[in-house]
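First up is the structure itself, then whatever we jot down about it.
The values are calculated or read from the model by the stated rules, or taken from the named source; none is laboratory data. These numbers come from a predicted model, not from an experiment. When we count neighbours, we look across all protein chains shown, and the Cβ atoms used for this are built from the backbone with ideal geometry, even at glycine.
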Amino acid sequence: MNISTSTAGRFAHVMPLAALLVLAACSSSQGADKKGGAKGPAQVGFVVMQPTSVGLDAELSARVTAYQMAEVRPQVSGIIRRRYFTEGSLVRKGQTLYQIDPSLYQAQVSQASANVQSAQATYDGARIKADRYRPLAQIEAISKQDYTDAAATARQASAAIAQNAAQLRTARINLNFTRVPSPITGRIGRSLMTEGALVTSSQVDPLAVIERLDPIYVDIQQSSADLLALRRALATDGQVPATARVRLKLEDGSDYPLEGLVQFSEVMVNQSTGTVTLRASFANPQGLLLPGMFVHAIVAQSVDTKAYLLPQAALVRDAKGGGTVWIVGPGNKAVQRSVVADRAQGANWVVTSGLQPGDKVIVQGIANLKANAPVRPVAASAPERIDPSRGGGGSGAGGSGGAAGGRRSQGG
């Protein structure tokens, strides 16, 4: 009995202490619940939208074409005696490329020269005779008919001199044509005729082909439907023609380092392909572009002065491909809005419809947003700026404006 009484006394002292611990734990749990219940609206980062000028580019298929191309052909017939160039080398305009056997043409020059001298001698005799007959005819020592015949003979001899002189010039030209010159400055290909080959002035095959590669042309194909849509867009408000600059992507996917300029656009549509050809000129100092090469041309066709540059993180696509964004609405509530963003520009989407100047678009913290849910908006970091020379006419989405708007919202 004594032992039981002692044990009961000890339990009597322990039970009040346990009760105090349980009450403290409950009090702590209730405090934590109250603190969690006092958590405010979700914090989101936003930027303020302002319209800016954005270049509208089109990526089109294109083919490289030589700036100049000349097929070297003989203008006289004969045997090729010598070739003066190295295949694949750079040749200059007027440089001799081939030597055709000149023997026959030298003989023709000599014959024509002798004919000129003979005609000159005949003319001298006829002229002297006519001069002698003139005073005799005046005093009627000879008949006037004799003088008229002598004067006519002198004029015929003079005409014969002119005819033979023309033949002499033709013979000399043909002799010069035995040295075949380069018609342009450029890169010459392989020789299609060898030494000892017989060539004629009317042959179909050229002796060689020369192409000028710097500068060089790029022929761009654009469908007539796209061209019509562009012209209609330019007729509406908000779009203006862009500077006719072109960038290239090479066959391996790399960018060509130099920009080109559109020289002209054809005024006819190709009936078999339904396309219009635009020709651009590019500098080609390193010879990267070669005739016949296929490339992709990025053509700046117009500038949309009422577009918005939206950071890509702010746009959400639905199953059908439509775009939506979250806006900080009245009373700092999240509002979802549909927008039209058909293409990207650098790190931004180009929004052409659905936004208004001054809209606060949420770009951070959109994962768990719900419609009309309260939010605590703060300024987000400024989006990447777009280089105006590459088609973006200004900074994206007004980063500084977004920061200012964020401070105003916090102050309110």
Problem set entry | strands (runs of 3 or more DSSP E) wholly inside the range 116-233 that include at least 1 residues being buried (at least 18 other Cβ atoms within 10 Å of the Cβ) and acidic (Asp, Glu) | 208-212
For this session: Please find, among LYS333, LYS370, the residue that is farther than 30 Å from TYR256 by Cβ, of a type in the set (Lys, Arg), surrounded by 14 or more Cβ atoms within 10 Å (Cβ to Cβ) and modelled with pLDDT of 80 or more.
Result: LYS333
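Assess whether GLN75 counts as being at pLDDT 90 or above, surrounded by fewer than 18 Cβ atoms within 10 Å (Cβ to Cβ) and part of a loop (DSSP other than H, G, I, E, B). Working first, answer last.
On the way: at pLDDT 90 or above: yes; surrounded by fewer than 18 Cβ atoms within 10 Å (Cβ to Cβ): yes; part of a loop (DSSP other than H, G, I, E, B): yes.
Criteria met by GLN75.
Can you tell me which residues in the range 205-243 are modelled with pLDDT under 70 and within 20 Å of ALA283 (Cα to Cα)?
The one that is modelled with pLDDT under 70 and within 20 Å of ALA283 (Cα to Cα): THR243.
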Exercise. Among the residues of the range 184-204, is any among the β-branched types (Val, Ile, Thr), touching a helix residue (DSSP H, G or I) at 6+ places or on another chain (Cβ under 6 Å) and without any contact (Cβ under 8 Å) to a residue 40 or more places away in the chain?
Worked result: no
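Take residues that are β-branched (Val, Ile, Thr) and not assigned by TED's automatic domain parsing to the domain that holds LYS360 and tell me which of the strands (runs of 3 or more DSSP E) falling wholly in the range 238-336 contain 3 or more.
275-282, 294-311
Filter the range 166-180 for residues that are of a type outside the set (S, T, N, Q) and in contact with a strand residue (DSSP E or B) (Cβ under 6 Å, 6 or more places away or on another chain) and give the result. Let's see the steps before the verdict.
At the first step, the residues of the range 166-180 found to be of a type outside the set (S, T, N, Q) are 166, 168-169, 171-173, 175, 177, 179-180.
Passing the criteria: ARG179, VAL180.
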Exercise. Does ARG83 satisfy being of a type in the set (Lys, Arg), at pLDDT 90 or above, under 30 Å from GLN345 (Cβ atoms) and in contact with a Phe, Trp or Tyr (Cβ under 9 Å, 6 or more places away or on another chain)?
Worked result: no
For this session: Under 9 Å between Cβ atoms, at least 6 apart or on separate chains: pull out the pairs that start in the range 358-370 with a residue that is farther than 14 Å from THR324 by Cα and end on any residue that is of a type in the set (Gly, Ala, Ser) and in a strand (DSSP E or B).
Result: GLN364/GLY45; GLY365/ALA42; GLY365/GLY45; ASN368/ALA42
